[in-house]
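Below: one structure, written as structure tokens.
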Amino acid sequence: MNGESSIFAGHIRIMDTMKVSEQTLQQIERALRKVAAKLSDNDVEPRFTDILLQVKQESGELLAFDDDDKEITRCVVEEWIGNSDEHFYEEVQKPLRQCITQFKDTWEEINVLKPFSFVLVGEDHETIADLYLVDDDVVILDGELMAGLEDDLKAFWEKLEKQ
């Protein structure tokens, strides 16, 4: 696509090259505010380290789970309803990261064990993308920053074994 929007099932498809609507950003932000509110209770011990985000193409639902797969909140992002684009999960990462990043100060205050991350997961809770990782002074916004880490670690161990 050349950045133009196309109509699918009466809804605008969100393409990485096009601007996401203000309504979509507001719906994502509202869901993230609910997550933050539910995790701001400092009277209980922090009990998990990941916030899993799941987006359903058919219904447009955005669901948030803790790492025990307990639902924290859900909302419907109207622009995502019925989107059957094969690149859908790549396309939703940008607005999700954008909204998560806007709440950077909030995430530092929530009652979650560090390091913690926001992870985009599929229907079976398999990891699609690491959206946001926080470990005290380190914030990683893009999973691509971690690309090759496993290879580097393997090479390091091999080098140690040879010595």
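Coordinate-derived values only; no laboratory data. Note that the structure is a prediction, hence the values are computed from the model and not measured. Neighbour counts are summed over all protein chains in view; Cβ atoms, including those assigned to glycine, are modelled from backbone coordinates with ideal geometry.
Sum up the charges of everything whose Cβ sits under 11 Å from the Cβ of Q23, counting Lys and Arg as +1 and Asp and Glu as -1, but leave Q23 out.
Working: positive: R30; negative: E22, E29, E78, E79.
Residues near Q23 contribute -3 overall.
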- Task: Report, by chain and number, residues whose modeled amide H sits under 5 Å from the one on I72, excluding near sequence neighbours (fewer than 5 apart, same chain).
- Result: A64, F65, D66
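If you rank T101, T73, T24 by fewest surrounding Cβ atoms within 10 Å, what's the result? Don't skip to the answer; put the middle values down first.
Values: T101 13, T73 17, T24 21.
Ranking T101, T73, T24 by Cβ neighbours within 10 Å, fewest first, gives T101, T73, T24.
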- Normalized C-alpha radius of gyration of region 51-109, against 2.2 N^0.38 Å? 1.19
- Task: Please go through region 80-123 and write out the GluC sites (Glu not before Pro) that DSSP classes as loop and that have at most 16 other C-beta atoms within 10 Å.
- Result: E86, E123
- Here the net charge surrounding E61, from other residues whose Cβ is less than 12 Å away from its Cβ (Lys, Arg +1; Asp, Glu -1), is -2
- Note on the structure: Put in order of increasing Cβ neighbours within 10 Å, starting from the fewest, D130, D124, D85, D135 give D124, D135, D85, D130
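Neighbouring Cβ atoms within 10 Å as the yardstick, rank L53, L120 fewest first. Mind dumping the intermediate values first?
Working: L53 26, L120 21.
Taking fewest neighbouring Cβ atoms as first place, the list is L120, L53.
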- Residues whose modelled amide H sits under 5 Å from the amide H of I128, counting only those 5 or more places away in sequence or on another chain, are L120, V121, G122
- Query: Taking H as built 1.01 Å from N, whose amide H comes closer than 5 Å to the amide H of D50, not counting residues under 5 places away?
  - Reply: D67, S117
